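Student: Below is the structure I would like to discuss, written out as structure tokens.
Nothing in this text is a laboratory measurement; each read-out follows from the coordinates by a stated rule. Owing to the predicted nature of the structure, the values given are computational and were not obtained by experimental measurement. Cβ sites come from the backbone with ideal geometry, for glycine too, and all protein chains shown count toward neighbours.
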Amino acid sequence: MVVAGIAVALLRLTTTQQSTVNQALLAARAGLAARGGIEWVYQDLVNRCAATGRKTDLADFVNDAGFKVTVNCSFQVFHEGQHLVNDVPTATAKRIYRIESIACNGSSVDCPDKDSIARPDYVERARVATVCTRQPAGGVTEYCY
């Protein structure tokens, strides 16, 4: 009887360990997929984040990584300080972008997936990045430092 109890306990422990390892691997893959969504926006920031609040579902990521990725991008324009342009004091215009990327392995089209949360293998990871750009008189976008 005691041996049977120990065997059952070991079996449960093994199952729990397998689930934990599976969740850890899925979480790592989801984190990388979310990071890939941020890099996708950053690659062509001005065009892919032209309209503030625009949500984009990256369907290619499902085929490559097995995760759905939803990217949301917004920006605000700030005027900061003054510098001289042709002896006229002019404020520096800066655009602050906020890029949010969510990756999940749910069964619906969107991420996050409210219908799949109860599944034991459901994983969702989010990444957020901020980017500052300024556009000097020449018209070429530069990154702020």
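Student: Just tell me which lysines come within less than 21 Å, Cα to Cα, of K55; anything on the same chain fewer than 8 places away is out.
Tutor: K68, K114
Student: Order of 37-49, 86-98 by packing, highest average Cβ count within 10 Å first?
Tutor: Top to bottom by mean Cβ count within 10 Å: 37-49, 86-98.
Student: Shifting gears a bit: Measuring from label point to label point, each 7 Å out along Cα→Cβ, what is the H83 to S107 span in nm?
Tutor: 5.6
Student: Moving on. Ranked from highest to lowest mean number of other Cβ atoms within 10 Å per residue, what is the order of the peptides 20-29, 64-73, 103-112?
Tutor: Going by the mean number of other Cβ atoms within 10 Å, highest first, we get 64-73, 103-112, 20-29.
Student: Further question: What is the local net charge at R35, summed over the other residues whose Cβ is closer than 13 Å to its Cβ (Lys, Arg +1; Asp, Glu -1)?
Tutor: The answer is +1.
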